[in-house]
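What follows is a set of notes on a single structure, which appears directly below.
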Amino acid sequence: YRIPAIVFAPPAVLAFAEARKGATLGGKPFDLCYDGSKKSIAYRRSTDSGSSWSPILTVAGTDGEGWVVGNPTAVYDAETRTVLLHVQNNSNVTSVKNGIGWMPGQTWQITSTSSGRTWLPRTSLDASLGRFAGLYPGPANAGIRLTKGSHKGRLLFMGVRNACEHLS
């Protein structure tokens, strides 16, 4: 498990992480720390301030081949009582660049209005991200809700387009 993120969504605390399973490219195994490892987004839920936790659950991805879903970034919107989880979907490595698997990305948003008990189907944010389509959210707790000023109520998520590429 890597790339943790935690959010308080009353009455629950939700802890997310990448559940890395390992990967192969061209028949060669990759290290579990490699970003292209097969992975899903796992989470656990606590309703007693972290004294006890649910079993490990999956909110995005599967154990199936080709799933590479990562960078969980969550924010809780207290006004709408909604958890917004942004993740990067890089499933199905399609080519090799500079000796590593190159994965076209898609930014997903997954929401819960039940403090993480259930989740609505994922949606792609890429159409609304314009030139930032494929944004890598986070990592970790990089989402906030503005509470003051002219943009009060706006939700902000930090992200990068590609770990090896700078935005201009």
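The values are calculated or read from the model by the stated rules, or taken from the named source; none is laboratory data. Note that this is a predicted model, so its numbers are computed, not measured. Cβ coordinates were reconstructed from backbone atoms using ideal geometry, including for glycine residues, and neighbour counts include every protein chain displayed. Note: areas computed on protein heavy atoms with side chains; ligands, DNA, RNA excluded. Shrake-Rupley method; radii C 1.70, N 1.55, O 1.52, S 1.80 Å.
Points to keep in mind about this one:
- Residue in region 41-57 that is assigned to a loop (DSSP other than H, G, I, E, B), among the small types (G, A, S) and modelled with pLDDT under 60 present: no
- Residue list for region 139-168, restricted to those being at pLDDT 80 or above, open to solvent by less than 70 Å² (accessible area, probe 1.4 Å) and assigned to a loop (DSSP other than H, G, I, E, B): L146, G149, G153
- Top-ranked residue of region 85-138 - restricted to ones that are among the β-branched types (V, I, T) and open to solvent by less than 20 Å² (accessible area, probe 1.4 Å), ranked as modelled with the highest pLDDT: I110
- Yes/no for A23 being at pLDDT 80 or above and surrounded by 12 or more Cβ atoms within 10 Å (Cβ to Cβ): no
- All of A60, A74, A78 fail the test of being surrounded by fewer than 20 Cβ atoms within 10 Å (Cβ to Cβ), small (G, A, S) and at pLDDT 70 or above, apart from A78.
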